[in-house]
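Below is one structure, written out as structure tokens; the observations come after it.
The values are calculated or read from the model by the stated rules, or taken from the named source; none is laboratory data. Nothing here was measured: the structure is a model prediction, and the numbers come from that model. Don't worry about glycine lacking a Cβ; one is built from the backbone with ideal geometry, like all the others, and counts go over all protein chains shown. When the accessible area is computed, the model is the full protein with side chains, heavy atoms only, and any ligands, DNA or RNA have been set aside. Shrake-Rupley method; radii C 1.70, N 1.55, O 1.52, S 1.80 Å.
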Amino acid sequence: MNIRQTITKSILLAALVFAGNWTVDTANAKVLFSVKGPFGTCNGSFTGLEASIHFDPNDLAGSTVQASIDAKTVTSGVGLRNHDLRSKEEWLNTDKFPRISFKSKKIEKSAAGYKAIGDLMLKGVTKPVEIAFTFTPNGNTGLFKGQFSIKREDFNVGKPGGSVGDMITLHLEVPVKK
């Protein structure tokens, strides 16, 4: 086999490995959040991520992400706070607003990796967000890691002002497979 054939096959193999649809390993996906509170930073998480990911670093224009999570899975490590987050109107009110979702409009290359630009819907409010992320492929598997922050009052989460911080930071770690 000559060098040209070797290079061509390598490029085709790389394209097949990166391109296409990725299935989320829901059991191992991490959706974490943090917000400053009156007694320090409150950390928590959600489980049960559902997502449709079509990602190809060589075709970002054709790449999309659509994801949602069951808001009732929120946990902060404190039972009473979990109850309030789920049931109170000022927080997530998960009976009325059961899902938190994101849908990308476009994906772009960035200095540190990529960014998904799209709409986040939380408590019936839809706002544009940018999620900075990286993707580490490993054969037929891969790992997306991302982070973004939202202003809680933009989504009617909590009371204006008060002792809870203005910004909620979300950290994502999403293992995927073909």
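Compute the Rg to Rh ratio over the chain from the alpha carbon atoms, using the Kirkwood formula for Rh, and round to two decimal places. Reported Rg/Rh, Kirkwood definition of Rh: 1.06. For the chain, the longest principal axis of the alpha carbon atoms and the long axis of helix 3-18 meet at an angle near 20°. Scalar couplings 3J(HN,Hα) for the range 141-147, obtained by applying the Karplus form with A = 6.51, B = -1.76, C = 1.60 to θ = phi - 60°, are 10, x, 9, 9, 10, x, 7 Hz; x denotes Gly and Pro. For the chain, relative contact order (Cα pairs under 8 Å, six or more residues apart, normalised by length) works out to 22 percent. Charge dipole (Cα centre; +1 on Lys/Arg Cβ, -1 on Asp/Glu Cβ; no other charges) of the chain amounts to roughly 180 debye.
Rolling a 1.4 angstrom probe over the chain with all protein chains present gives an accessible area of which 56% lies on carbon and sulfur atoms. Over all other residues within a Cβ to Cβ distance under 13 Å of A29, the charged ones net out to -1, with Lys and Arg as +1 and Asp and Glu as -1. Can you compute log10 of I(q)/I(0) for the range 28-89 with the Debye formula, treating each Cα as one identical point scatterer, at q = 0.13, 0.19, 0.20 Å⁻¹? With one equal scatterer per Cα and no solvent, log10 I(q)/I(0) is -0.50, -0.79, -0.83. Amide H contacts of R99 (H built 1.01 Å from N, in plane; Pro and chain starts excluded): A71 sit under 5 Å, all sequence-distant by 5 or more or on other chains. Taking all protein chains into account, the per residue accessible area for the chain stands at 57 Å² (1.4 Å probe). In this structure, the pairs whose alpha-carbon distance is over 22 Å, taken from K103/K127; K30/K177; K115/K177; K72/K106; K145/K177; K103/K151, are K72/K106. In this rough spin-label picture, where each label sits 7 Å from Cα along the Cβ direction, the N82-N58 distance is 4.6 nm.
Helical content alone sets the calculated 222 nm signal of the chain at -4500 deg cm²/dmol, taking -39,500 (n - 2.57) per DSSP H segment of four or more residues and averaging over every residue.
Below 15 angstrom from the Cβ of P38, what's the summed charge of the other residues (Lys, Arg +1; Asp, Glu -1)? Result for the local shell: +2.
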